[in-house]
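Read through the structure below, which is laid out as structure tokens, and then see the notes.
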Amino acid sequence: MQISGHSAKILVVDDEPNIVIALEYLLQREGYEVQKAYNGQQALDCMENWTPDIVVLDVMMPGMNGFEVARRLREIPALELTKIIFLTAKGTQRDKESGYASGAEYYMIKPFDNDVFISTVNEIMAYG
């Protein structure tokens, strides 16, 4: 998908390689530019030199969890417009509240429906 003349950029952050591969395929098929990270520190390092439009973020990862990554991302002025989608198996109401409190705009539960995921991403890119 094109946003003001450039492909929208999406960073996928998950410690499960199969999930990363699946999301990368789905997003690239839609025309998005995709970068990958397998833990929170890799994600933050990536965003030092690359500004994604959306970060798709797992919660449970080794080292730094997704909530902490989201909080840190929200402290970086250059990333204030970046949208965060949590895509995680942690689906309690408390988990969701923690996700939104850490700065996420969307919270989706695994297993996820591919069409719903892509529709959500496309909606974010279309309407912000």
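The values are calculated or read from the model by the stated rules, or taken from the named source; none is laboratory data. None of the values given here were measured: they were computed from a predicted structure. Here the Cβ positions follow ideal geometry from the backbone for every residue, glycine too, while neighbour counts run over all protein chains shown.
The residues of the range 25-46 that are more than 21 Å from Lys110 (Cα to Cα) and in a strand (DSSP E or B) amount to a single one, Glu33. When the range 47-64 is filtered for residues that are more than 16 Å from Ile19 (Cβ to Cβ), assigned to a loop (DSSP other than H, G, I, E, B) and free of Cβ contacts under 8 Å to residues at least 60 places away in the same chain, the ones remaining, listed by number, are Trp50, Thr51, Pro52, Gly63, Met64. Taken together, the criteria place Glu68 among residues that are surrounded by fewer than 21 Cβ atoms within 10 Å (Cβ to Cβ), in contact (Cβ under 8 Å) with a residue 24 or more places away in the chain, of a type outside the set (A, V, I, L, M, F, W, C) and farther than 20 Å from Thr120 by Cβ.
Given the condition in a helix (DSSP H, G or I) and modelled with pLDDT of 95 or more, answer yes or no: does some residue in the range 80-91 qualify? Checked against the condition, which is being in a helix (DSSP H, G or I) and modelled with pLDDT of 95 or more, the range 80-91 yields no hits at all.
Quick one: would you say Met61 is among the aliphatic types (A, V, I, L, M), surrounded by 14 or more Cβ atoms within 10 Å (Cβ to Cβ) and closer than 20 Å to Ala8 by Cβ? Explain how you work it out, then say what you get.
Working: among the aliphatic types (A, V, I, L, M): yes; surrounded by 14 or more Cβ atoms within 10 Å (Cβ to Cβ): yes; closer than 20 Å to Ala8 by Cβ: no.
No: the conditions fail for Met61.
The single condition among (1) under 26 Å from Tyr127 (Cβ atoms); (2) in a loop (DSSP other than H, G, I, E, B) that Ala22 does not satisfy is (2). The residues of the range 112-126 that are modelled with pLDDT under 95 and loosely packed, with under 11 Cβ neighbours inside 10 Å amount to a single one, Ala126.
Note on the range 99-111: residues that are more than 15 Å from Val12 (Cα to Cα) and either in contact (Cβ under 8 Å) with a residue 60 or more places away in the chain or part of a loop (DSSP other than H, G, I, E, B) (or both) total 4.
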